[in-house]
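As structure tokens, the structure follows; a few thoughts come after it.
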Amino acid sequence: MRIVFIGPPGAGKGTQAARLSEHLDVPHLSTGDMLREACRLKTDVGKQATEFMDAGRLVPDSLVNKMVVDRVRRADCQNGYLLDGFPRTLPQAESFDQMLLQAQTPLDVVIEFRVSEHDLLDRLAGRGRADDSADVVHWRLVEYETATKPLLNYYQQRGILRTIGGAGSLEEVSSRIMRAIDEITGGAQ
Ligand code: B4P
């Protein structure tokens, strides 16, 4: 099962991906986590990504695309994966689709998380990460509206998009996601 989570910063993608990847027994691939690790280790990708992340901007597509393709080609992704935070732009989605087409491994489900801006700001204020300060969050929300939201239409047209409400307890949100996946796959997972 190949699943993508899309949602604004603080929507709970990472939180739910950790729960669901365990349940479905597929790896949880978070581009945010991968990039933060690259920054911490000061790799070439990390050195280039830091200034964008610190400013709340998206990291350039070329850097992220290569990082993800290298990761999904690894053996543990053979039976699927849960992508948390990728793709985030149309060029990322198109480039990823080309790779999936060549490998004959299409995506099964794309889940959109919807959470009110009020709740997002509340959650991020409580998390304490460096990129959660008010002005950085502002830019992250702008990036979501302008660069990431067009992806919803892209996946809607392919018939694999489901939208779930991200407010409520962790268990409530998880069961909404499971129901949405069942709807698309007919309960095949
Ligand atoms: P991410 O790491 O993806 O950050 P995020 O969107 O803030 O996290 P998420 O939605 O997963 O929220 P979480 O579960 O933690 O990206 C960080 C940066 O990396 C980006 O700004 C960008 O610069 C770069 N980047 C990443 N991917 C990229 C790409 N593809 N292209 C370019 N750049 C990229 O939840 C947030 C908080 O809410 C937590 O405190 C959690 O405990 C709480 N919470 C979760 N669920 C809740 C619930 N149901 N109720 C109450 N609280 C809840």
Seminar exercise, completed: Once normalised by the length of segment 5-157, the mean sequence separation of its alpha carbon contacts under 8 Å that are 6 or more apart gives a contact order in percent of 38 percent
Problem set entry | Net charge, Pro106 excluded, C-beta distance under 13 Å - Lys, Arg +1, Asp, Glu -1 | 0
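With n ≥ 4 as the cut-off for DSSP H runs, can you work out [θ] at 222 nm for the chain, using -39500 (n - 2.57) per run divided by the number of residues, rounded to the nearest 500?
Here the helix-only value at 222 nm equals -16500 deg cm²/dmol.
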Seminar exercise, completed: Distance in nm between Arg57 and Arg114 label points, each 7 Å along Cα→Cβ, equals 3.1 nm
Exercise. Residue separation times 0.36 nm, minus the C-alpha to C-alpha distance between Glu172 and Gln157: what's the value?
Worked result: 2.7 nm
Exercise. By the scheme Lys and Arg +1, Asp and Glu -1, what is the net charge of all other residues having a beta-carbon under 12 Å from that of Arg123?
Worked result: -1
For this session: Just tell me which aspartates and glutamates come within less than 18 Å, Cα to Cα, of Lys47; anything on the same chain fewer than 8 places away is out.
Result: Asp33, Glu37, Asp61, Asp131
For this session: With the Cα gyration tensor of segment 1-135 in hand, convert its eigenvalues to equivalent ellipsoid semi-axes via √(5λ) and list them largest first in whole Å.
Result: 24, 19, 14
For this session: Using a/c under 1.5 as the rounded threshold, could you call segment 32-91 rounded, prolate or oblate? The axes a ≥ b ≥ c are square roots of the C-alpha gyration tensor eigenvalues, and prolate needs a/b larger than b/c, oblate otherwise.
Result: prolate
For this session: Just check segment 96-189 against the gyration tensor rule for me: Cα atoms, a ≥ b ≥ c as the square roots of the eigenvalues, rounded for a/c under 1.5, and otherwise prolate or oblate depending on whether a/b exceeds b/c.
Result: oblate
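Quick note: the coordinates plus some simple rules give every number you see, no bench work behind them. Since the structure is predicted, the reported quantities are computational estimates derived from the model, not experimental observations. Cβ: placed from backbone, ideal geometry, glycine included. Neighbour counts: every protein chain shown.
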